[in-house]
Amino acid sequence: MWSETTARRRTGATALAIVGLIATVSAQSTDAPPPRAAGPVFAHSRQYPLLARDLETELALSAAPQHLRDSATVLVLEATGYVTAMRRGDAFTCMVSRRGGDLFPVCWDAEGVRTLLPLDVDDARFRLEGKSGADIDRALTDGFASGRYHPPSRTGIAYMLSPLRYRIDEGGRVVRTNPNPHLMFYGPNLTDADIGGRRGSVAFMNKVGPDGMIIVPVGQQEREAIVHDSQSLTERLERAIGYSAER
């Protein structure tokens with residue numbers, strides 16, 4: 001009888017810890033391996049750090065230009081997947097992508113929300129189901145072939161004006177990428193040859209495929225201003241994900 005009661009108590013404690021993961025921020029499932037990140041992780045994956053809702057909201061909105069931030073809808077990642085933190089219209093939706101351990105904020109227009117944002121939402125769902133990164137990549141690629149996903153059907157834009165982007169490997173090691181605030185225009189299946197692009201120039205393709213994007217970096221003066229204005233957010237985010245320049 002004593003062992004059954006103890007087992008029930010332990011089971012209940014674990015369930016409560018999972019349910020309260022975001023609210024407590026520092027709570028972490030006892031079954032998850034200890035990540036290098038400073039806080040809890042999603043689906044036991046060190047590549048998917050969970051952030052306090054106010055921090056993730058601010059980070060997501062930092063992708064958009066200032067004049068859109070007060071009207072953009074915001075998605076945040078919680079223990080069960082992406083949820084709507086703020087619904088403020090359908091024109092733009094901002095979120096923090098973590099697909100494959102690539103953490104960065106992005107703000108989609110309505111066409112991007114319809115066609116490309118579901119890739120991030122499903123990536124989190126697949127991760128929660130226990131799929132590996134390779135399995136998820138195949139599922140997303142196959143989704144375009146099967147018609148589950150669709151490339152953008154009209155011209156549109158996604159904003160990545162935040163200078164903050166980090167790569168997190170499966171062991172939890174965090175690497176900061178060089179700041180590169182930029183605009184993205186939908187270019188399904190286009191190549192650099194099609195647009196006269198070259199990486200590092202005024203315009204280039206990020207990839208070739210149905211979700212390919214034409215990348216247009218901001219100017220040097222604007223980039224420096226964005227980096228300067230993001231210093232406080234940078235410090236808070238790097239503490240949360242366990243990044244240290246000295247590592």
Any pair with Cβ under 6 angstrom, 6 or more apart, that starts in the range 82-96 at a residue that is in contact (Cβ under 8 Å) with a residue 12 or more places away in the chain and among the hydroxyl-bearing types (Ser, Thr, Tyr) and ends at one that is surrounded by 13 or more Cβ atoms within 10 Å (Cβ to Cβ) and outside any strand (DSSP E or B): Tyr82/Val121; Tyr82/Ala124; Thr93/Val113
The range 177-193, residues that are of a type in the set (Ser, Thr, Tyr) and surrounded by 18 or more Cβ atoms within 10 Å (Cβ to Cβ): Tyr186
Residue ranges of helices (runs of 4 or more DSSP H) in the range 170-247 with at least 2 members within 29 Å of Leu50 (Cα to Cα) and not aromatic (Phe, Trp, Tyr): 220-229, 231-241
When residues of the range 54-77 are limited to those that are assigned to a helix (DSSP H, G or I) and touching a residue at least 60 places away in the same chain (Cβ under 8 Å), the one nearest to Val113 (Cα to Cα): Leu68
Only one of Met184, Met160 that is in contact with a His (Cβ under 6 Å, 6 or more places away or on another chain) and touching a residue at least 24 places away in the same chain (Cβ under 8 Å): Met160
Arg239 vs. criteria charged (D, E, K, R), within 22 Å of Leu59 (Cα to Cα) and at pLDDT 95 or above: yes
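Being over 12 Å from Phe92 (Cβ atoms) and either surrounded by 24 or more Cβ atoms within 10 Å (Cβ to Cβ) or out of contact with any helix residue (DSSP H, G or I) (no Cβ under 8 Å at 6 or more places or on another chain) (or both) is the filter here; which residues of the range 61-76 pass it? Walk me through it before giving the result.
Residues of the range 61-76 that are over 12 Å from Phe92 (Cβ atoms), as a first pass: 62, 66, 76.
Across the range 61-76, the qualifying residues are Ser62, Gln66.
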Selection from the range 154-213 of residues that are touching a Pro at 6+ places or on another chain (Cβ under 8 Å), farther than 26 Å from Ala72 by Cα and among the hydrophobic types (A, V, I, L, M, F, W, C): Ile168, Val202
Some residue of the range 129-152 being part of a helix (DSSP H, G or I), at pLDDT 95 or above and under 27 Å from Glu235 (Cβ atoms): no
Inter-residue pairs, beta-carbon under 8 Å, first over 20 Å from Phe185 (Cα atoms) and in the range 113-142, second exposed (fewer than 15 other Cβ atoms within 10 Å of the Cβ) and among the acidic types (Asp, Glu), 6+ apart: Phe126/Asp135; Gly133/Glu170
The range 85-101, residues that are out of contact with any strand residue (DSSP E or B) (no Cβ under 6 Å at 6 or more places or on another chain) and not in a loop (DSSP other than H, G, I, E, B): Arg99, Gly100
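With the structure loaded, tell me whether Thr141 is within 24 Å of Ser230 (Cβ to Cβ), exposed (fewer than 15 other Cβ atoms within 10 Å of the Cβ) and among the hydroxyl-bearing types (Ser, Thr, Tyr) or whether it fails that test. Show your work before the answer.
Details: within 24 Å of Ser230 (Cβ to Cβ): no; exposed (fewer than 15 other Cβ atoms within 10 Å of the Cβ): yes; among the hydroxyl-bearing types (Ser, Thr, Tyr): yes.
Spelling it out, it is not the case that Thr141 is within 24 Å of Ser230 (Cβ to Cβ), exposed (fewer than 15 other Cβ atoms within 10 Å of the Cβ) and among the hydroxyl-bearing types (Ser, Thr, Tyr).
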Some residue of the range 83-102 being surrounded by fewer than 23 Cβ atoms within 10 Å (Cβ to Cβ) and of a type in the set (Phe, Trp, Tyr): no
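Is it fair to say Val218 is surrounded by 15 or more Cβ atoms within 10 Å (Cβ to Cβ) and modelled with pLDDT of 95 or more? Step through it out loud before you land on a result.
Details: surrounded by 15 or more Cβ atoms within 10 Å (Cβ to Cβ): yes; modelled with pLDDT of 95 or more: yes.
Here the answer is yes, as Val218 does meet what is asked.
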Selected residue [surrounded by 17 or more Cβ atoms within 10 Å (Cβ to Cβ) and not hydrophobic (A, V, I, L, M, F, W, C)] from Gly172, Gly130: Gly172
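The values are calculated or read from the model by the stated rules, or taken from the named source; none is laboratory data. Owing to the predicted nature of the structure, the values given are computational and were not obtained by experimental measurement. With ideal geometry, Cβ positions are generated from the backbone for all residues, glycine too; neighbour counts draw on all protein chains shown.
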